[in-house]
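Presented below is the structure to which this report refers.
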């Protein structure tokens, strides 16, 4: 936390987001995210994002007002509920806007430090890897059968 004693030190305002786990629990997609404050001042965060895919599914979320302590971290989980098994590939986009959180008057502080910054992270989730692998296997079998059918044709001699 920034106070009168640390006011003259170099202020580092940096935040890191990391998706640490994606899993299905009771048929619902749970995504666990870690937020790490790499700076030496507390940061007030507004975290938001969405789970989307190209077929139109979109599930938004937001988490406002969390304080990331200096050189500290916190973890939160997002429950996106049940996803349709036929929709395939999903994109998870998360961004965190953060501003310094002060214990002293901000009038004495360089205005550039007070500016809002944004950090983001993206990941992908295959909703149904078994279906995708099954489709690939069917295509391979069809290609093998098609190539064997061509081998059984008699040669035409002119």
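Cβ-Cβ distance of residue 10 and residue 67, R₀ of 22 Å, FRET efficiency by 1/(1 + (r/R0)^6): the value works out to about 0.55.
Between residue 144 and residue 28, the FRET efficiency estimated from the beta carbon spacing at R0 = 30 angstrom works out to 0.20.
Can you tell me which of 37-43, 135-141 comes out highest on packing, and rank the rest after it, using the mean Cβ neighbours within 10 Å?
With the highest mean Cβ count within 10 Å placed first, the list reads 37-43, 135-141.
Going by the alpha-carbon gyration tensor, a ≥ b ≥ c the square roots of its eigenvalues, is the stretch 15-127 rounded (a/c under 1.5) or, if a/c is not under 1.5, prolate (a/b greater than b/c) versus oblate? Present the calculation step by step, with values, prior to reporting the outcome.
On the way: a/c = 3.24, a/b = 2.45, b/c = 1.32.
Prolate shape, in that a/c is at least 1.5 and a/b is the bigger ratio.
No value in this document is a laboratory result; all are computed from the given coordinates. Since the structure is predicted, the reported quantities are computational estimates derived from the model, not experimental observations. Don't worry about glycine lacking a Cβ; one is built from the backbone with ideal geometry, like all the others, and counts go over all protein chains shown.
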